[in-house]
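Here is the structure we will look at.
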Amino acid sequence: MESKKILIITSSVDDTVSYIMKKYFAMAEFFRVNVDQFSEYKFCIGNEGWSISDQYTTVNSESIYSIYYRKPMLPDLSTYDPQYHLLIQRDIISVINGIVDSFSGKVITKPSILRKAENKVFQMAYTSKHGWNIPKSYIGNDEVIGNEFTQTLSIIKPLTTGKTYGKNGWELYQTNIFREIKENIRLTPIYLQYYVPKQYEVRLTIIDRKVYAVRIDTKNKIDWRMDYQNHKYTRIVCPENIIKKCYQMMADFDLIFGAFDFIVTPENEWVFLEVNPNGQWLWLEQSLDLDISKKILDNLIN
């Protein structure tokens with residue numbers, strides 16, 4: 001039987017995609033588009049559909065069975081006049097996202113869905129409306145309200161990616177203790193939350209109702225992402241009421257995949273932090289011998 005073709009939209013530094021392609025080369029035919037190497041492909045979109053070619057082969061809207069939209073990065077535009085960088089980036093994104101969003105077959109996950117689902121304002125509104133247990137939070141640019149969070153132990157979190165690129169290279173902004181607002185934030189809205197004491201944290205990865213619940217014990221009690229070397233991972237059973245809430249959120253957000261982050265307090269209360277609709281999972285698969293990649297592939301080819 002002929003292998004089904006999967007189009008993967010990502011970047012040249014995405015080790016997760018390299019892992020999938022190496023592990024499952026016998027189960028599917030992969031066509032990888034590294035968006036940061038956009039000029040190495042030929043993109044053709046016309047009245048009859050679209051096609052993408054590299055130096056070896058061509059795929060099109062009819063030959064592709066499904067799409068895995070992973071972690072695209074934009075190309076280096078340093079050889080172009082800086083005044084055109086934003087225009088070029090928008091055009092590249094328009095081509096890539098237009099191809100994926102218009103595809104009528106299976107996609108994990110369309111960028112139009114990701115844009116909504118990963119928005120922290122949207123998540124806060126949804127969880128508040130549906131009775132989720134969440135920390136007291138604030139998103140905005142009002143210094144007076146923001147400084148009220150200094151009266152209680154609070155944290156400040158990235159509102160979007162927390163990653164910037166400047167003359168010194170990439171900088172990553174992570175969750176930290178909130179002290180005070182020292183600068184004008186009228187044009188730079190912030191994301192604050194009351195600190196929640198934690199017994200441990202949980203990463204709950206769900207693919208089409210298959211649940212992988214992993215307890216994360218770490219020395220860093222602010223942000224476990226800052227302390228990978230001291231992590232301890234344990235597979236656990238997630239409470240049924242939490243699973244049902246996650247299932248409902250995924251249905252409402254139109255998600256096949258979701259990576260949910262929770263705090264479990266010393267009183268064993270589960271507190272929702274966020275869902276990443278395109279979150280990382282490979283390190284957990286490798287640490288605990290999980291089959292997350294197989295479940296993703298099965299979903300893409302079945």
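Side notes on the structure shown:
- Filtered residues of the stretch 18-62 (kept if within 16 Å of Glu2 (Cα to Cα), loosely packed, with under 15 Cβ neighbours inside 10 Å and either in contact with a Phe, Trp or Tyr (Cβ under 8 Å, 6 or more places away or on another chain) or not hydrophobic (A, V, I, L, M, F, W, C) (or both)): Glu62
- The strands (runs of 3 or more DSSP E) located wholly in the stretch 57-171 that include 1 or more residues which are free of Cβ contacts under 8 Å to residues at least 24 places away in the same chain occupy 58-60, 163-166.
- Filter result for Asp91 (acidic (Asp, Glu) and under 23 Å from the mean Cα position of the chain (by Cα)): yes
- Selection status of Ile296, buried (at least 19 other Cβ atoms within 10 Å of the Cβ), farther than 30 Å from Lys22 by Cβ and β-branched (Val, Ile, Thr): no
Quick note: the coordinates plus some simple rules give every number you see, no bench work behind them. Just so you know, these numbers come straight off a predicted model, no measurement behind them. Cβ sites come from the backbone with ideal geometry, for glycine too, and all protein chains shown count toward neighbours.
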